[in-house]
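What follows is a set of notes on a single structure, which appears directly below.
The values are calculated or read from the model by the stated rules, or taken from the named source; none is laboratory data. Keep in mind the model is a prediction, meaning the values are calculated, not measured. Counting neighbours? That spans all protein chains shown, and the Cβs are built from the backbone with ideal geometry, glycine included.
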Ligand SMILES: [Fe+2]
């Protein structure tokens, strides 16, 4: 496992779409700004980067992975825009009544213990993978699916990175 590689070598696809689609647009907004989203990953890894400052390898890994999540955020917000949504950091809620909910950093899984920090990051990556794999099967727009497929390569790499970091002994 190379702990200095944070994204796949494959190029990122264009964010072209077949046409406007409200359902797909809502899915992309949720990927950007839902409870477990790219914005959540950016914000959590930023905190993790700061809180782990005495563990140089871990701290720099969080900073580098945060930047990759920012690229994903940009791709999904561009898709949301092209699919017809207003690309704010918000997502559509349907129950109890339809409304738009803005993203919030209030409920991120903040932790200060190295093992717990990494376990939370791993759980976030696995949750993202499950969502993107489901969307990849359900969405019938090749442009959207190409982005999902590419982002999945990075998230799978992040799972491997966090697993490798978890197996390392805690620095003294
Ligand atoms: Fe990731």
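Annotations for the structure displayed:
- Test result for residue 116, without any contact (Cβ under 8 Å) to a residue 24 or more places away in the chain, assigned to a helix (DSSP H, G or I), more than 10 Å from the ligand (Cβ to nearest atom) and surrounded by 19 or more Cβ atoms within 10 Å (Cβ to Cβ): no
- Residue within segment 146-155 that is more than 10 Å from the ligand (Cβ to nearest atom), under 23 Å from residue 89 (Cβ atoms), part of a loop (DSSP other than H, G, I, E, B) and modelled with pLDDT of 95 or more present: no
- Among (1) out of contact with any helix residue (DSSP H, G or I) (no Cβ under 6 Å at 6 or more places or on another chain); (2) farther than 26 Å from residue 140 by Cβ; (3) outside any helix (DSSP H, G or I) - the single one residue 18 does not satisfy: (2)
- Residue among 152, 108, 122 that is in contact (Cβ under 8 Å) with a residue 12 or more places away in the chain, within 17 Å of residue 15 (Cα to Cα) and within 15 Å of the chain's Cα centre (by Cα): 152
- Filtered by the rule that a residue be within 14 Å of the ligand (Cβ to nearest atom), over 11 Å from the mean Cα position of the chain (by Cα) and surrounded by fewer than 19 Cβ atoms within 10 Å (Cβ to Cβ), segment 62-101 gives 63, 64.
- Under the condition of being in a helix (DSSP H, G or I) and either touching a helix residue (DSSP H, G or I) at 6+ places or on another chain (Cβ under 7 Å) or touching a residue at least 12 places away in the same chain (Cβ under 8 Å) (or both), the residues counted in segment 35-59 number 16.
- Test result for residue 158, in contact with a helix residue (DSSP H, G or I) (Cβ under 6 Å, 6 or more places away or on another chain), in contact (Cβ under 8 Å) with a residue 40 or more places away in the chain, closer than 21 Å to residue 16 by Cα and not in a loop (DSSP other than H, G, I, E, B): no
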